[in-house]
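Taking it in order: structure first as structure tokens, then the write-up.
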Amino acid sequence: MLKQRIITSLILAPLALALVFLAPLDWFSYCAGGIVLLGAYEWSALMGINNRIKRLGYVIAIAALVALMQWHWPITELWQSNGLLRGDINYVFTLSVAWWIVATILVVRYPKFSDAWSQGLLMRGISGVLTLAPLWLALCVLRSASYEESAQFGSYLILAVLGIVWCADVGAYFTGKNFGKHKLMPKVSPNKTIEGFVGGLLSSAVFLVVFCYFNGIEASMWIFYALMAIVVAAFSAVGDLLESMFKRQAGMKDSGKCLPGHGGILDRIDSLTAAAPIFVVFYAWTITL
């Protein structure tokens, strides 16, 4: 299993970096959409849909929504000339923030609200939309930021988000393994500990401060960025726990089998589904103002 995880990671990491740094804007938005649709197919299994035709129907519905957003908000027109997001895009991220607050409550109070998830197909479908669609838009927003000034600026923003997520994951693993004694959410994910969670948050804060140092960010802003990393990392943990909760309800160990040693696409992007929109909110609603 470990060997498979390493091999898969060695293949995926260069592909992900190539997509982020080398793909033209349009191709980036298409590839990001493809990843979201693969996630939607796996989400349909979490919904309890076993019929392949019906699962594809859910994917088509998500694809139609992404296509509509891409038509209404082309990746080259997400930012205004004054450096601010187009006004109506903010409604999507306001809804996304509200969803992740609700998701946090669902995770913390599990299994109190589990019946609504288990019995409500519509709710499960809407949850998938609120989880996956804003991720696509967030990635496009970040990749296209300040594109006219620097074609790679947005790539580094995405790298910052990925770094926060990865450091939170790695920091939580090693801290939890060596110091973990108190379970974080035993009913949702038995292996996660409070010590690991805190270690992940601190690791993300350290990463972003180092990131700021090497990118010439003023030292007076480092505390703000460290706090931002902590909040983003905390929500990335919620994204991870939310998928774990849904998999537990569906009786599944992994969301899929397309990534040997890792499970499915959702198992790899679950933290990012929350982290990317929350990072956009911080960047677009505070830093660019």
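Laboratory data are not the source of any read-out in this text; all were calculated from the coordinates shown. Worth saying up front: this structure is predicted, and the values here are computed from it rather than measured. Glycine gets a Cβ as well: all are built from the backbone with ideal geometry, and neighbour counts include every protein chain shown.
Checked against (1) loosely packed, with under 15 Cβ neighbours inside 10 Å; (2) in contact with a strand residue (DSSP E or B) (Cβ under 9 Å, 6 or more places away or on another chain); (3) of a type outside the set (A, V, I, L, M, F, W, C), D240 passes all but a single condition, namely (1).
For the stretch 220-229, check the following and say yes or no: at least one residue is within 20 Å of S189 (Cβ to Cβ), buried (at least 24 other Cβ atoms within 10 Å of the Cβ) and either touching a helix residue (DSSP H, G or I) at 6+ places or on another chain (Cβ under 9 Å) or not acidic (D, E) (or both). No, the stretch 220-229 contains no residue that is within 20 Å of S189 (Cβ to Cβ), buried (at least 24 other Cβ atoms within 10 Å of the Cβ) and either touching a helix residue (DSSP H, G or I) at 6+ places or on another chain (Cβ under 9 Å) or not acidic (D, E) (or both).
Of the residues A145, A138, A160, A168, the single one that is of a type outside the set (S, T, N, Q), closer than 18 Å to A276 by Cα and outside any helix (DSSP H, G or I) is A145.
Restricting attention to the stretch 27-40, and to residues there that are in contact (Cβ under 8 Å) with a residue 60 or more places away in the chain and either of a type outside the set (G, A, S) or on the phi > 0 side of the Ramachandran plot (or both), which single residue is surrounded by the most Cβ atoms within 10 Å (Cβ to Cβ)? By that ranking, first place goes to V36.
When the residues of the stretch 41-65 are filtered to those that are of a type in the set (D, E, K, R) and within 19 Å of K257 (Cβ to Cβ), the one that is surrounded by the fewest Cβ atoms within 10 Å (Cβ to Cβ) is R52. Going through (1) in contact (Cβ under 8 Å) with a residue 60 or more places away in the chain; (2) crowded, with 19+ Cβ neighbours inside 10 Å; (3) not basic (K, R) one by one, C212 falls short only on (1). Residues in the stretch 64-108 that are polar (S, T, N, Q), outside any loop (DSSP other than H, G, I, E, B) and either over 20 Å from the mean Cα position of the chain (by Cα) or closer than 18 Å to F279 by Cβ (or both): 5 in all. Looking across the stretch 136-191 at every residue that is surrounded by 15 or more Cβ atoms within 10 Å (Cβ to Cβ), of a type in the set (S, T, Y) and without any contact (Cβ under 8 Å) to a residue 60 or more places away in the chain, the one that is farthest from F214 (Cα to Cα) is identified as S189.
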